Amino acid sequence: MQRHSTISPLLSLPGAVPADGRDEGVAAHYGDLFREQRALADGTGLVDLSHRGVVAVSGPDRLSWLHLLLTQHVSELPVGQATEALILSAHGHVEHALYLVDDGETVWAHVEPGTQDALIAYLESMKFFYQVEVADRTEDFAVVYLPAGSIAEAPEGVVVRETPYGRELFLPRGALESYAAANGPAIGVLAHEALRVEAHRPRLGFETDHRTIPHELGWIGTAVHLQKGCYRGQETVARVHNLGKPPRRLVFLHLDGSEVHLPGHGTPVRLAADGPDGRQLGFITTSARHHELGPIALALVKRNVPVDADLLAGETAAAQETVVEP
């Protein structure tokens, strides 16, 4: 359950339908899912991600300290350059995903809703003698997404993460309503998720479970730097990269469009040839209805599933595209 302070004021806009689950606190959509997706694809509108956690790390040692803890090379991170990073367990399993930018004085990160407390507790436990301060700024700042191609401007002084997919603003929470009114239309998280699935971008808690390693989801290179110094879980990353293959791999699925219901998170994936009672080879991680592609999904399957095999998601026929090579 989201804390009351992170319930978005944009839920009072006409047509707003609240999201549930991990995205509780913001709008799933505002009445027209496909129109909202087309707007994002055209570079217009904004997505309210104000339910996401915001963590700030300041102090003169912030970059060198984070470099020791994260999977990404950040010791010389240029001001204003967006990056992403993971925190792994000692066995190399993914525990946290951070989306970072440094403004010259502070590293700002947004994280999955509700994960900031555990992340901050871990960071605080690792401070030792380093000159760093870690703060939860979720109640003060709202994350707002502007799609690639958007001509909307960030207010003066607002920290921005600029990525190939668009810009993410760390907007003072009190300015959210006025900014949305001036730079809308507001677009729900279902449209944002559909475009994320289309782009094969993994999300913590959706594409991950308790045993996920970065290689399975294509995070090597984007969130994991292979030529940096030690960090927790590095041994697993190096061993799998140099000596083996991950046990599972992420795939993109085109789902049978005649089905009324989308297969939900955790729906078993099997070979179509084996039928719905066949051996489970994976599971659906995220499914979505796309304005051009129809029903689509990401799934995590065993590495040895043939790349050209027709699959079943529950009882829904699915054709796969390779995201992570077997």
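The values are calculated or read from the model by the stated rules, or taken from the named source; none is laboratory data. Please read all numbers here as calculations on a predicted model, not as lab measurements. Glycine also receives a Cβ, built like all others from the backbone with ideal geometry; neighbour counts cover every protein chain displayed. Keep in mind that these areas ignore ligands, DNA and RNA; they rest on the heavy atoms of the full protein, side chains included. Shrake-Rupley method; radii C 1.70, N 1.55, O 1.52, S 1.80 Å.
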Note to self: Could you give each residue of the stretch 197-208 its phi-based ³J(HN,Hα) in whole Hz, using Karplus coefficients 6.51, -1.76, 1.60 with θ = phi - 60°, and x for Gly or Pro?
What the structure shows: 5, 4, 8, 6, 8, x, 9, 4, x, 10, 7, 10
Check: Between Asp277 and His210, what length in nm is gained on full extension when 0.36 nm per residue of separation is reduced by their alpha carbon distance?
Finding: 21.5 nm
Margin query: Considering only protein heavy atoms and a probe of 1.4 Å, how much of the accessible area of the stretch 136-283 is carbon and sulfur, as a whole percent?
Written below: 52
Note to self: Starting from 0.36 nm per residue, how many nanometres of slack lie between Phe34 and Ser64 once their C-alpha separation is accounted for?
What the structure shows: 6.4 nm
Notebook entry, point to check: Between Ala181 and Asp140, what is the FRET efficiency for a Förster distance of 25 Å, r being their Cβ-Cβ separation, to the nearest 0.05?
Noted result: 0.75
Margin query: Tell me whether the stretch 39-168 comes out rounded, prolate or oblate; compute the Cα gyration tensor, take square roots of the eigenvalues as a ≥ b ≥ c, and use a/c under 1.5 as the rounded threshold.
Written below: prolate
Note to self: So, taking all protein chains as they sit and a 1.4 Å probe, how much accessible area belongs to His291, in Å² rounded to tens?
What the structure shows: 40
Check: Among Phe252, Phe141, Phe128, which one moves the most in a GNM of the chain with springs linking Cα atoms closer than 10 Å?
Finding: Phe128
Checklist line | Solvent-accessible area of Glu207 with every protein chain in place, 1.4 Å probe, in Å² to the nearest 10 | finding: 0
Check: Per-residue ellipticity at 222 nm for the chain, helices alone: DSSP H runs ≥ 4 residues times -39500 (n - 2.57), over residue total, nearest 500 deg cm²/dmol?
Finding: -5000 deg cm²/dmol
Checklist line | FRET efficiency, 1/(1 + (r/R0)^6) with R0 30 Å, evaluated for Glu153 and Thr222 via beta carbons | finding: 0.65
Item checked: Zone residues, the stretch 59-90, relative to Phe128, backbone N less than 19 Å from point 7 Å out along Cα-to-Cβ -> 59-76, 87-90
Check: Probe 1.4 Å, all protein chains in place: accessible area of Tyr165 in Å², nearest 10?
Finding: 100
Next item on the list: Could you order Arg52, Arg270, Arg137 by accessible surface area, starting with the largest, using a probe radius of 1.4 Å?
Entry: Arg137, Arg270, Arg52
Note to self: Give me the 1.4 Å probe accessible area per residue for the chain, excluding ligands and nucleic acids, in Å².
What the structure shows: 44
Check: Once phi is turned into ³J(HN,Hα) by the Karplus curve 6.51 cos²θ - 1.76 cosθ + 1.60 with θ = phi - 60°, what whole-Hz value does each residue of the stretch 46-54 show in order, with x for glycine and proline?
Finding: 8, 10, 7, 10, 6, 7, 6, x, 10
Next item on the list: Just report the Cα centroid separation between the stretch 287-306 and the stretch 202-266, whole Å.
Entry: 14
Notebook entry, point to check: Sorting Glu153, Glu177 by accessible area (1.4 Å probe), largest first, what list results?
Noted result: Glu153, Glu177
Note to self: To make sure I understand the rule: partners must be lysines, Cα under 16 Å from the Cα of Lys302, and not fewer than 8 residues away in the same chain. Which ones qualify?
What the structure shows: Lys245
Next item on the list: Can you sort Arg211, Arg161, Arg303 by 1.4 Å-probe accessible area, starting with the largest?
Entry: Arg211, Arg303, Arg161
Next item on the list: Please identify, among Asn242, Asn183, Asn304, the residue showing maximal mean-square fluctuation in a Gaussian network model of the chain using a 10 angstrom Cα cutoff.
Entry: Asn242
Margin query: What whole-number distance in Å separates the alpha-carbon centres of the stretch 97-143 and the stretch 1-54?
Written below: 23
